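Data first, discussion second: the structure below is written as structure tokens.
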Amino acid sequence: MRTQVGIIGAGPAGLFLAHILHRAGIESVILEDRSRAYVEDRVRAGVLEAGTVDVMEQLGLDGRLKRESIADMALDIRFSSQRIHLDFPALGGGRHVTIYGQQEVVKDLIAARLKDNGKIVFEAEALAIDTKNPSIRYRHEGKEETLECDFVAGCDGFHGISRPTIPKNVLTEYDRIYSFAWLGVLSHSAPLPEMTYSNNERGFALCSRRSMKVSRHYLQVPVDEDPDDWSDARFWDELHLRLDDGSKHEIVEGEIFQKNVAPLRAFVAAPMQHGRLFLAGDASHIVPPTGAKGLNLAVADVRVLSRAMIEFYRTGDTKRLERYSDVCLRRVWKTVRFSAYMTSLLHRFPEHSPFDRKIQLAELEYLHNSKAAQTTIVENYIGLPFEDD
Ligand SMILES: Cc1cc2nc3c(=O)[nH]c(=O)nc-3n(C[C@H](O)[C@H](O)[C@H](O)COP(=O)(O)OP(=O)(O)OC[C@H]3O[C@@H](n4cnc5c(N)ncnc54)[C@H](O)[C@@H]3O)c2cc1C
């Protein structure tokens with residue numbers, strides 16, 4: 001099989017890239033290890049930056065999003081019995097974030113791709129990449145095949161084969177592993193009116209939503225926590241306490257239908273390109289979920305990559321392709337900074353001294369009273385403008 005751009009992975013990075021290229025008349029094939037049902041049901045992120053929604057609109061992929069998403073207009077932070085209200089439109093130039101599950105984005109992008117007669121080979125595991133004479137060896141239906149292409153887009157997530165294909169002496173890896181994790185649940189219950197983060201003496205908590213009937217809640221837990229040790233009653237009791245809702249009047253309890261523990265980590269691998277291989281999304285970087293950035297960063301990467309490829313196919317000019325890694329990493333590091341800042345502001349760190357805790361509380365007090373500090377958080381949360389590449 002031969003195509004112009006061979007894409008590994010049908011997550012947000014691979015799917016958005018395929019759609020943007022298709023609109024510019026550039027052909028691609030997506031190889032995806034898992035089945036269509038598996039990738040469409042994978043529950044992950046749910047907060048879309050204004051820029052991500054703009055990209056979906058420009059691609060004409062926002063039909064269901066327009067009907068079913070929810071606009072989140074504010075973010076609340078609770079600490080020491082105080083509440084900070086961050087109004088997105090007021091502090092963010094009229095913009096806000098949109099709540100629409102990653103699995104819904106993926107479903108919409110797969111459906112549109114197949115309608116366009118674009119190729120996605122499900123249950124096709126990429127095995128090896130040739131970065132000089134670009135091609136991908138993969139296994140499908142028990143047979144090994146080769147996809148030849150002009151470029152390989154490594155959109156295969158954190159555990160894929162693309163990043164390890166780049167020689168160790170070329171790649172620098174920056175890594176921070178946090179000493180705690182998030183226990184996340186989905187429940188059939190009405191959410192709080194605002195997305196609400198809490199820095200509580202008992203640990204971090206977050207109440208967010210996926211719809212007006214489905215809540216997405218998180219609790220900070222030790223990294224080795226077993227979700228089975230958390231009965232529904234234990235989860236709700238702890239969430240009420242961490243949100244200062246001891247009387248249980250505020251948070252609505254409901255049937256919990258998904259529960260998992262996710263570690264927190266920040267990781268960046270640079271450069272994001274080697275020969276004709278270009279990394280995008282989680283294949284190159286992951287951020288702790290406190291800033292709600294993973295999916296949005298994947299979209300920002302492929303926006304830059306697609307522009308570079310379009311320029312190459314139109315003019316033969318490779319300058320944008322050569323700049324790809326540098327342009328993306330500018331946004332990546334700003335996003336890692338913000339995600340690390342939100343993580344450090346809102347969690348209880350086992351390693352913190354009483355001095356560190358006082359500094360953290362002073363930071364929250366400052367945020368409570370400073371419009372400048374609030375504007376900084378809102379500007380980053382709704383998404384920095386796309387880089388001029
Ligand atoms: C459990 C979990 C929870 C998360 N929660 C949040 C959240 O609440 N908020 C937030 O902002 N972000 C969250 N994230 C991060 C966000 O979901 C990711 O940043 C986003 O999925 C990145 O998209 P991607 O396309 O780069 O990678 P992925 O979505 O990981 O897609 C990569 C694809 O490549 C495929 N693949 C891998 N290896 C191969 C191979 N060898 N051959 C073929 N295909 C392959 C995979 O099956 C997958 O479909 C979460 C991530 C995880 C893992």
Among (1) open to solvent by 10 Å² or more (accessible area, probe 1.4 Å); (2) in contact with a His (Cβ under 8 Å, 6 or more places away or on another chain), the one test that VAL287 misses
(2)
The listed residue being within 24 Å of ILE377 (Cβ to Cβ), within 16 Å of the ligand (Cβ to nearest atom) and open to solvent by 30 Å² or more (accessible area, probe 1.4 Å), out of ARG44, ARG83, ARG34, ARG95:
ARG44
Any residue in the stretch 7-21 that is of a type outside the set (A, V, I, L, M, F, W, C) sitting within a Cβ distance under 6 Å of a residue that is at pLDDT 95 or above and more than 6 Å from the ligand (Cβ to nearest atom)? List the pairs, counting only those 6 or more apart or interchain.
GLY14/ILE7; GLY14/ILE30; HIS19/LEU59
Could you tell me how many of the residues in the stretch 226-243 are surrounded by 17 or more Cβ atoms within 10 Å (Cβ to Cβ) and not basic (Lys, Arg)?
8
Checking VAL53 against (1) touching a strand residue (DSSP E or B) at 6+ places or on another chain (Cβ under 6 Å); (2) within 15 Å of the ligand (Cβ to nearest atom); (3) outside any helix (DSSP H, G or I); (4) closer than 30 Å to SER344 by Cβ, only one condition comes out false. Which one?
(3)
Of the residues TYR174, TYR178, which single one is within 21 Å of the chain's Cα centre (by Cα), surrounded by 15 or more Cβ atoms within 10 Å (Cβ to Cβ) and away from the ligand (no atom under 13 Å from the Cβ)?
TYR178
Scan the stretch 91-99 and give yes if some residue there is at pLDDT 95 or above and part of a helix (DSSP H, G or I), otherwise no.
yes
Out of all the residues in the stretch 187-213, which are open to solvent by 40 Å² or more (accessible area, probe 1.4 Å) and touching a His at 6+ places or on another chain (Cβ under 9 Å)?
GLU194, LYS213
Could you pull out the residue among GLY246, GLY254 that is surrounded by fewer than 19 Cβ atoms within 10 Å (Cβ to Cβ), touching a residue at least 24 places away in the same chain (Cβ under 8 Å) and of a type in the set (Gly, Ala, Ser)?
GLY254
Give the stretch 100-120 a look and list any residue that's part of a strand (DSSP E or B) and buried (at least 19 other Cβ atoms within 10 Å of the Cβ), or say none.
ILE120
Helices (runs of 4 or more DSSP H) lying entirely in the stretch 281-389 (those with 2 or more residues that are over 26 Å from the mean Cα position of the chain (by Cα) and under 21 Å from SER179 (Cβ atoms))
354-369
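Yes or no, residue by residue, for (1) open to solvent by 20 Å² or more (accessible area, probe 1.4 Å); (2) at positive phi:
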{"position": "MET272", "(1), (2)": "no, no"}
{"position": "ARG276", "(1), (2)": "yes, no"}
{"position": "GLY281", "(1), (2)": "no, yes"}
{"position": "LEU297", "(1), (2)": "no, no"}
{"position": "ALA308", "(1), (2)": "no, no"}
{"position": "THR318", "(1), (2)": "yes, no"}
{"position": "GLU322", "(1), (2)": "yes, no"}
{"position": "LEU329", "(1), (2)": "yes, no"}
{"position": "LEU346", "(1), (2)": "no, no"}
Which one is nearest to LEU329 (Cα to Cα) among residues in the stretch 132-149 that are in contact with a strand residue (DSSP E or B) (Cβ under 7 Å, 6 or more places away or on another chain) and more than 15 Å from the ligand (Cβ to nearest atom)?
PRO134
Of the numbered conditions (1) without any contact (Cβ under 8 Å) to a residue 40 or more places away in the chain; (2) farther than 20 Å from SER69 by Cβ; (3) among the aliphatic types (A, V, I, L, M), ALA111 fails exactly one; give the number of that condition.
(2)
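The values are calculated or read from the model by the stated rules, or taken from the named source; none is laboratory data. Quick caveat: nothing in here was measured; it's all calculated off a predicted structure. Quick reminder, even Gly has a Cβ in these numbers, built from the backbone with ideal geometry, and neighbours come from all protein chains shown. Side chains are part of the model used for accessible areas, which takes the heavy atoms of the whole protein and leaves out ligands, DNA and RNA. Shrake-Rupley method; radii C 1.70, N 1.55, O 1.52, S 1.80 Å.
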